[in-house]
Amino acid sequence: MEEAKLRQLLNSLTIEEKIGQLVQLSGEFYNASDISMGPQRKLGITQRMVDLSGSVLNVAGARQIHRLQEAHLAKGGHAIPLLFMSDIVYGYKTVYPIPLGMGASWDPALIKKAYENAAEEAYAGGQQVAFAPMVDLVHDARWGRVLESTGEDPYLNAQFAKAMVGGFQSGLKNGKGIVSCVKHFAGYGAVEAGREYNSADMSISNLYQDYLPSYKAAVQAGAKMVMTSLTTLNGVPATADKWLLSDLLRKQWGFNGVVISDYASIYELTQHGFAADEQDAAYKALDAGVDIDMKSPCYANGLKPLLADGRLSEKKIDAAVWRVLSLKNELCLFEDPFRGSSEALEKANLLTPAKRQLARRVSQEAMVLLKNQRHLLPLDRSSHHQVALIGPYADEYKMLGLWAIHGDPKDTITFKQGVGEYLDASRLTVEKGTDIIRDADFFAESGRPEDQANSQISDSATEKKHHDSAIAAAKRADIIIFAGGEHTLQSGEAGSRTKLRLPDNQQRLLDELATLGKPVISVIISGRPLVLTDVLADSDAVIQAWFPGIEGGHALADIIFGAYNPSGRLSMSMPAVEGQAPIYYNHLSTGRPEKTSQHVGRFVSRYTDAPTGPLFPFGYGLSYGEVTYHQPTIDQSQISSAQSVTISVPVENAGDIDRTETIQLYLHDEVASIVQPVKRLIDFKREVIPAGKTVTVSFEVKAQQLGFYNQRGEYVIEPGKFELMVGPNSDETQAVEFSLKD
């Protein structure tokens, strides 16, 4: 539709029709199957407003979309098409590893392809907007939503934010693809104590330096929608933060797309104590810049009275409606309300062999080899060793994680199926050993009915049978593979935990297996970094597999039997004990550092009962074979603001197997007007290092990269001395110095 006609349409709408465009409801309001994840609450809005609503949450599938859209358009009036939005966080039907696993790939180009595939599937299924990527930076593994983040580093997160937005929206220019809604703006990942929906409080310098870069990268990549955080930031709920949404997002960053609230977050302004009532909440959210009210009654019931009493101008409503209509027009919904989606297109595009192959590749790259004592891995598939695959994830389909709401676990390749393609039945025994979790109270606290707990917790006799069969199989085997981890409900939204370990029943089983004196390979399925201290003590090799997606079983077997040399590197530090959280590599320098302080004994920055550093640092991961990082060199020791410095490091593969190495470059500003991190990532490269070869990897560092944000949110570059540090992870680096002259 031409812009002039769209403007005519806006001007012809009644105030009720305008307000309707700003209201988003979920499927139960339309007699549709609803897969929304969130609290259920009666909204108390009229049927008229339901009929006028402008968008729908989490209704999926071409058949349902066509039915709802046709019924909506048949109601008469201006018949503005509905916009269908959904949580497509890490895949649609072809489910990839969780984003924390994607972050461990350090491969934004590959992840962009995954999101292109997800968009192609979602488009076929009638989806038009994906509530993703979640680009919140995270430091605290207690928070359940670390599952949805790519990690703890602002630079790495920004690269993935660009890739994910680009993947979702790459097809838009051809009338396909889907809109990317970046979330949760802003600082949601900094919730205090890692507790879901808690407040976030930080300095302006920290906000700009660490938490905003990934959102800004997503906006600069062209994201057409932004979702507000459910939490407060520095005392102001993000959903009503005029500085955040209007001054920063729209004016400073130039964002002209749609801003949507998170689930019921406008209503929750009253719960925060920021709004007096629902009408006041509606005013403050719209005034701040929120265009669409997701699943709350505030706009539906509150905007018209606000107009009537003169507190709100219709011009303000028109601006929000215009942005919504413009997005619908950009998607050509007025010409084709279904955007070409059909059951035939679904059949041709969902879960194709090519998409599965890409999912397998992403899953391979996401997995991180944490330990490989005496080079136990890879296993020799041609040997005659007997292998016992034991544990609750040995033959479990539910390896998708909480937020793969469109995926079907039945499409998953299990670990047993993957290993079975390398070993024949005569050499492989598979036993469950124990349930994933045996705590009925956990299911009750998770809001799950008693029958669901009963279906997942075996009775005592069955549990004993599983245990005894597993131990017997382990005694007969030459090698034990233990497959354990978190339950799906233990991570994801509202999955905050203080005990970040394997469920007790799993750890007891692993402890018992370790006493048998056989080599033990542990595979950990989880939605967060767990405390694996006890797992390491029981295991000769450990693979962190995250929730690996529908091709997880294939990817695991590929790594274990050497068809793929693991290349994953942690994008989030793994704590040694829970009490270290939050823990992250790019912390600020302290006046009494543990290792280099002038003080000795207890009067340094450390714990008295635990290590100071993580169990495994950011960037850590093993591959098969051995590499050596030789001494780095730089091409000049002093540069001006118009110049750059090049650092080069020879990386030698002394082994007999090719490997992909992620060479990481860190920076430290030695003296600055605001204390700087001990190091921060500024670049990285994934390079194939052939067996027996040395590859010299170079990075160009421009003066512009040396700056930081001050307490006014200004980016400043100060002359002085700097260290460049290069290595395989954030802990094992070699440094060279240079200076920036005034």
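The values are calculated or read from the model by the stated rules, or taken from the named source; none is laboratory data. Just so it is clear, the model here is predicted, and its values are computed rather than measured. Note: ideal-geometry Cβ built from the backbone for every residue, glycine included; neighbour counts use all protein chains shown.
Worth a mention:
- So SER589, is it within 32 Å of the chain's Cα centre (by Cα) and crowded, with 17+ Cβ neighbours inside 10 Å: no
- Flag set for ASP318, criterion: among the acidic types (Asp, Glu) and either crowded, with 19+ Cβ neighbours inside 10 Å or in a helix (DSSP H, G or I) (or both).
- Residue in region 425-444 that is outside any helix (DSSP H, G or I), free of Cβ contacts under 8 Å to residues at least 40 places away in the same chain and either of a type in the set (A, V, I, L, M) or in contact with a strand residue (DSSP E or B) (Cβ under 6 Å, 6 or more places away or on another chain) (or both) present: no
- Checking ASP635 against (1) buried (at least 20 other Cβ atoms within 10 Å of the Cβ); (2) in the same structural domain as ASN729 (by TED's automatic domain parsing), the condition it does not meet: (1)
- Candidates in region 473-528 are the residues that are among the hydroxyl-bearing types (Ser, Thr, Tyr) and touching a residue at least 40 places away in the same chain (Cβ under 8 Å); of these, the one that is farthest from SER446 (Cα to Cα) is SER522.
- When each of ASP731, ASP683 is tested for being in a loop (DSSP other than H, G, I, E, B) and closer than 25 Å to SER573 by Cα, the lone residue that passes is ASP731.
- Qualifying residue in region 548-556 (condition: over 21 Å from LEU423 (Cβ atoms) and not basic (Lys, Arg)): yes
- Unique residue being out of contact with any helix residue (DSSP H, G or I) (no Cβ under 7 Å at 6 or more places or on another chain), closer than 26 Å to LEU230 by Cα and outside any loop (DSSP other than H, G, I, E, B) when the list is ALA122, ALA161: ALA122
- Looking across region 353-382, just one residue is part of a strand (DSSP E or B) and either among the charged types (D, E, K, R) or free of Cβ contacts under 8 Å to residues at least 40 places away in the same chain (or both), and that is LYS371.
- Residues (at positive phi and surrounded by fewer than 22 Cβ atoms within 10 Å (Cβ to Cβ)) located in region 464-505: ALA494
- Checking PHE722, PHE684, PHE699 one by one, the residue that is more than 23 Å from ALA104 (Cα to Cα) and outside the structural domain of GLY562 (by TED's automatic domain parsing) is PHE722 and no other.
- Selection status of ASP395, at pLDDT below 95, farther than 30 Å from TRP106 by Cβ and either in the same structural domain as ASP558 (by TED's automatic domain parsing) or surrounded by 15 or more Cβ atoms within 10 Å (Cβ to Cβ) (or both): no
- Selection status of GLY20, more than 26 Å from GLY447 (Cβ to Cβ), of a type outside the set (Phe, Trp, Tyr) and either at pLDDT below 95 or assigned to a helix (DSSP H, G or I) (or both): yes
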